[in-house]
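Structure first, then comments.
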Amino acid sequence: MSFAHDTLVWFSKSFGLFYLIGLSVAVMIYACRPSKKQEFDAAANSILTGEDKPWR
């Protein structure tokens, strides 16, 4: 199968655009679910300990 370069470029740009848009929508739906709020809040605060303060 021989495809013209322009056809492959068009397909890759179109498919890549729709793929990234779809992936972004899926991630936003996953991240904004109310059931995930507690899990994300715990992950945001888990790196903070009592020693986290300025050096001086």
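The values are calculated or read from the model by the stated rules, or taken from the named source; none is laboratory data. Just so we're clear, the structure is a prediction, and the values are computed from it rather than from any experiment. All Cβ positions, glycine included, derive from the backbone under ideal geometry; neighbour counts span all protein chains shown. Ligands, DNA and RNA are excluded from the accessible area calculation, which covers all protein heavy atoms including side chains. Shrake-Rupley method; radii C 1.70, N 1.55, O 1.52, S 1.80 Å.
Summary of computed values
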{"item": "Orientation-averaged projected area, Cα convex hull of the chain (nm²)", "result": "8.2 nm²"}
{"item": "Extension reserve of the VAL25-LEU8 stretch, reckoned as 0.36 nm per residue once the Cα distance is removed", "result": "3.6 nm"}
{"item": "Accessible area per residue, Å², the chain with all protein chains present, probe 1.4 Å", "result": "100 Å²"}
{"item": "Rounded accessible area of PHE3 (nearest 10 Å², 1.4 Å probe)", "result": "120 Å²"}
{"item": "Local electrostatic count, ALA31, Cβ distance below 13 Å [Lys/Arg +1, Asp/Glu -1]", "result": "+1"}
{"item": "Carbon plus sulfur fraction of accessible area for the chain, probe 1.4 Å, in percent", "result": "68 percent"}
{"item": "For the chain, with +1 on Lys and Arg beta carbons and -1 on Asp and Glu, the positive-most of HIS5, ALA26, PRO54 along the dipole", "result": "PRO54"}
{"item": "Computed magnitude of the charge dipole of the chain (debye, nearest 20; Cβ of K, R +1, Cβ of D, E -1)", "result": "120 debye"}
